[in-house]
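Trainee: This is the structure I have questions about; it appears just below.
Nothing in this text is a laboratory measurement; each read-out follows from the coordinates by a stated rule. Just so it is clear, the structure is predicted and the values come from calculations on it, not from any experiment. With ideal geometry, Cβ positions are generated from the backbone for all residues, glycine too; neighbour counts draw on all protein chains shown.
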Amino acid sequence: MKVLLRNPRRELDVAGPIQVHALLDRLGLNRESVLVIRRETLVTGDATLQDEDDVEIRPVISGGLA
Amino acid sequence: MIEIRRHNAGFCRDCFLHHCRQQVRRTIDDFDMIDADQRVLVAVSGGKDSLALWDILLDLDVDASGLYLGLGIGDYSDESGRYAREFASSRGAPLTEIDLPADVGFDIPSGARRARRVPCSACGLSKRHLFNQAALDGGFDVVATGHNLDDEAAVLFGNVLHWSEEYLARQMPVLPASAGFARKVKPLVRLGERETAAYCVLRGIDYIVEECPMAAGNKHLWYKEALNVVERSSPGAKAAFYFGFLDRARERFACAEGPAAGLASCSRCGAPTTGEVCAFCRLVERATT
């Protein structure tokens, strides 16, 4: 599957099927710091992503000290 | 579906949107943030928090206008402004803009460099001053900002690490109006930024996802990452830390609060200041020469 990552923007190829939490662990990402989006909707941690999916992992941490 | 582990709950789309609106309504009521007939100026950045806040306030029938401050940070500012305008247009809500380079005379990257300030510091000072001034000039009762639970917990974490007593005394989701200062409120403090991001995705609100290039490596982001490591193992830790401070500890620092009385007017802009010239006018002078 294609996995879009941000900050910086880049794309990875990852073999499916794989559970969302396992994908985040593999990429070293904290589930509290990201949303996983497939077909413009949110995916929960226990969902299984398939090889043909396009997935975005969107960081949610933002902001300078304003 | 979205799972919010600190509530030990999963929500469908409609229930989650309802949850977000309820959390903001509860915060406004609990902290007496906004009266029914008051006009609110929302500080809009084009990011998820300020657009989610503006959207929720409008849905709660609050008279909320937006103010976008163009910071002159290249493509990042161009894109942020576009998202702010698109949202305002989609909701038919009034948006005012101030462009720092055109209207004040400097942009954040080069102005901060000339003034020998950290960019986030110059940016924060500019926002505080210009949003406050715009609220006073425009006759708004309240300035609302999109600071969320993660923002407030991270600031608290930094203030505790350094025992910054004066800042701890002022760390409230409401700062009352006083001479020269508009009332300031943070209605999103019961929502984490994962929730505000999810709110925007589920509402179809486009926002700038890319991080500000000036913020890379700042301490505030480190503190957020550190707290999320704790949160992952102990869901609810951030909320317990922040609201526990408000409930049990903040008043102990009240005596450290700076003197509200005794402020003079800036000789250049008239804003309240402890010196002859306010911090923002000093920044402008150094950033433009």
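Trainee: Just how many % of Cα pairs in the range B:163-289 lie over 17 Å apart, if you round to the nearest whole percent? Mind dumping the intermediate values first?
Mentor: Values: 5970 of 8001 pairs.
Value for the range B:163-289: 75 percent of Cα pairs lie more than 17 Å apart.
Trainee: Sticking with this structure for a sec: Taking the Cβ of A:Asp25 as the centre, find all other residues whose Cβ is under 12 Å away and add up their charges (Lys, Arg: +1; Asp, Glu: -1). Could you put the intermediate results ahead of the total?
Mentor: Numbers: positive: A:Arg26, A:Arg31, B:Arg232; negative: none.
Summing Lys/Arg as +1 and Asp/Glu as -1 gives +3.
Trainee: Oh, and also: Quick one: dipole size for chain A, taken about the Cα centre, charges +1 on Lys/Arg Cβ and -1 on Asp/Glu Cβ, in debye to the nearest 20. Present the calculation step by step, with values, prior to reporting the outcome.
Mentor: Details: 9 positive and 11 negative charges, 60 e Å.
Using only the charged Cβ atoms, the result is roughly 280 debye.
Trainee: Each residue of the range B:145-161 in turn: what ³J(HN,Hα) in whole Hz from Karplus with 6.51, -1.76, 1.60 and θ = phi - 60°, glycine and Pro shown as x?
Mentor: 10, x, 4, 10, 4, 5, 4, 5, 5, 5, 5, 4, 4, x, 5, 6, 4
Trainee: If you wrap a convex hull around the alpha carbons of chain B, what volume per residue comes out, as a whole number of Å³?
Mentor: Working: hull volume 38.6 nm³, N = 289.
Taking only Cα atoms, chain B has a hull volume of 134 Å³ per residue.
Trainee: Something else now. So for the range B:1-160, averaging the separation of alpha carbon pairs under 8 Å that are six or more residues apart and normalising by length, what relative contact order in percent results? Walk me through the numbers on the way to the answer.
Mentor: Working: 182 pairs, mean separation 37.1, N = 160.
Averaging sequence separation for qualifying contacts and normalising by length gives 23 percent for the range B:1-160.
Trainee: A further question on this structure: Just name one of B:Gly192, B:Asn159, B:Pro173: the one whose Cα is farthest towards the positive end of the charge dipole of the range B:154-289 (beta-carbon charges, Lys/Arg +1, Asp/Glu -1).
Mentor: Of the listed residues, the answer is B:Pro173.
Trainee: Given the options B:Ala36, B:Ala153, B:Ala254, state which has the largest fluctuation in a GNM of chain B using a 10 Å cut-off (strictly under) for Cα springs.
Mentor: Largest GNM mean-square fluctuation: B:Ala36.
Trainee: Could you pull out every one of the lysines with an alpha carbon less than 23 Å from that of B:Lys127, ignoring same-chain neighbours closer than 8 positions?
Mentor: Cross-link targets: B:Lys48, B:Lys184, B:Lys186, B:Lys219, B:Lys224.
Trainee: Ignore the peptide's own chain and count Cβ atoms of other chains within 10 Å of each Cβ in B:113-121; give me the average, rounded. Before the final figure, lay out the partial values.
Mentor: Working: counts 0, 0, 0, 0, 0, 2, 1, 4, 3.
Per-residue shielding by partner chains comes out at 1.
Trainee: Shifting gears a bit: For the range A:2-59, what is the percent of antiparallel DSSP beta bridges, rounded to the nearest 5? Write down the numbers at each step before the final one.
Mentor: Details: 13 of 17 bridges.
Expressed as a percentage, antiparallel bridges in the range A:2-59 total about 75.
Trainee: Now, a different point. R0 = 30 Å: FRET efficiency of B:Glu225 with B:Ser90, Cβ-based, nearest 0.05?
Mentor: Numbers: r = 33 Å, r/R0 = 1.09.
Efficiency, rounded to the nearest 0.05: 0.35.
Trainee: Right, next: For the range A:2-59, how big is Rg over Rh, using alpha carbon atoms and the Kirkwood form of Rh?
Mentor: Working: Rg = 10.1 Å, Rh = 11.2 Å.
Expressed as Rg/Rh, it is 0.90.
Trainee: Kirkwood hydrodynamic radius, computed over distinct alpha-carbon pairs, for the protein assembly as shown: how many Å, to one decimal? Show your work: numbers first, answer last.
Mentor: Working: mean 1/r = 0.0470 Å⁻¹.
Computed over Cα pairs of the protein assembly as shown, the Kirkwood hydrodynamic radius comes out at 21.3 Å.
Trainee: Relative contact order for chain B: what percent, with Cα pairs under 8 Å and sequence separation of 6 or more? Could you put the intermediate results ahead of the total?
Mentor: Details: 434 pairs, mean separation 66.4, N = 289.
Over chain B, the number comes to 23 percent.
Trainee: Kirkwood Rh, Cα Rg: Rg to Rh for the range B:1-128? Write out the running numbers ahead of the final one.
Mentor: Details: Rg = 17.3 Å, Rh = 16.5 Å.
My calculation puts Rg/Rh at 1.05.
Trainee: Loop-only GluC sites (Glu not before Pro) in the range B:158-239, please: DSSP not H, G, I, E or B, and at most 16 other Cβ atoms within 10 Å. Let's see the in-between values first.
Mentor: Values: sites: B:Glu165, B:Glu166, B:Glu193, B:Glu195, B:Glu210, B:Glu211, B:Glu225, B:Glu231; in loops: B:Glu210, B:Glu211.
Counting only loop positions with at most 16 other Cβ atoms within 10 Å, the GluC sites (Glu not before Pro) in the range B:158-239 are B:Glu210.
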